[in-house]
Amino acid sequence: MLPVAVIGYHLSTNREFSGNDVVQCIRNAVVPREKRALTIPGLSYNERGGFPSDCIPEMQWALWDEMLYDNGKANLSNFVSDRLEQIIGCSTNAGPVAVPVRRGYIERFFGVLEECGYHRMINTTGSNPQDPRRSDAEKKAVKYSISFEHLEELTDVLISDYNGTVNEGINNFTPLEVLKQRIERGLIPRVMPEEQRAEVVFLSMKVPRKVNGNLKEDVVHSSIMKV
């Protein structure tokens, strides 16, 4: 059984997610999480749910050995590849182009996230331009004062509850239960060293540069083409 728990996420308002979005998601998957203070009336967390890093002590600052993703430009950027190699220390596997079934459980999770969450919102834009549920979505969002913060709260609860929901594909266990079993049976996650846990480590990139100098005149010269 694969422990299919979601360890972190990042919401982007861009039309297309960027390399910075990917790195922010990586950062959120590593840094230990805490439950959000919810402001939406009636919205609450399932007691069985949560994220691995707030439910399982061994999963705090845990890293992974391989990352599978699609061939999107942002995923293949030098910035993302550098952070995965230098900070996470994992191998990457983009897989064949246009073969989503290779990551079937991820595609199914997105389906659950949409149909059990986003598409039930009154301001949903639906799944396609012909979807009747998308009628006056923007007007409804304004009318009911639906904010990005509300979307963040809903997403956090949906994913937390997903991790605590029984799944037939893993013998009617929850994703968190399967992960806990693995650790109890001897799985020891790799953990990020304390000296690498600063925020700047995730968002900076090391690039080697040649520096010219003159020892006699004590002059050093370097140039930066792009910032």
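All of the numbers you see were taken from the coordinates with simple rules; none came from a lab. Note that the coordinates shown come from a computational prediction; the quantities given were computed from them, not determined experimentally. With ideal geometry, Cβ positions are generated from the backbone for all residues, glycine too; neighbour counts draw on all protein chains shown.
Could you list which residues have their amide H under 5 Å from that of residue 190, counting only those 5 or more apart in sequence or on another chain, with H placed in the peptide plane?
The list, which skips near neighbours in sequence, is 63.
Would you please give the residues with an amide H less than 5 Å from that of residue 173, counting only those at least 5 places away or on a separate chain, with H modeled from the backbone geometry?
167
Please list, ordered by chain and number, the residues whose modelled amide H lies under 5 Å from the amide H of residue 92; skip anything fewer than 5 residues away on the same chain.
67
Along the positive direction of the dipole of the stretch 19-221 (beta-carbon charges: Lys, Arg +1; Asp, Glu -1; about the Cα centre), which of 26, 49, 38 reaches farthest?
Ranked along the dipole, the leading option is 26.
Order these by the 10 Å Cβ neighbour count, fewest first: 83, 185, 36.
Ranked by crowding around the Cβ, least crowded first: 185, 36, 83.
Explain nothing, just compute: Karplus ³J(HN,Hα) = 6.51 cos²θ - 1.76 cosθ + 1.60, θ = phi - 60°, for every residue of the stretch 14-29 in order, whole Hz, x for Gly and Pro.
With the stated coefficients, the stretch 14-29 comes to 6, 4, 10, 5, 9, x, 4, 4, 5, 5, 5, 5, 4, 4, 5, 7 Hz.
Evaluate 2.2 N^0.38 Å with N set to the residue count of the stretch 1-123, then give the Cα radius of gyration divided by it.
Relative to the rule-of-thumb radius for its length, the stretch 1-123 sits at 1.15.
What is the order of 180, 35, fewest Cβ neighbours within 10 Å to most?
35, 180
I need 188, 26 ordered by Cβ neighbour count within 10 Å, fewest first.
Fewest to most other Cβ atoms nearby, the residues stand as 188, 26.
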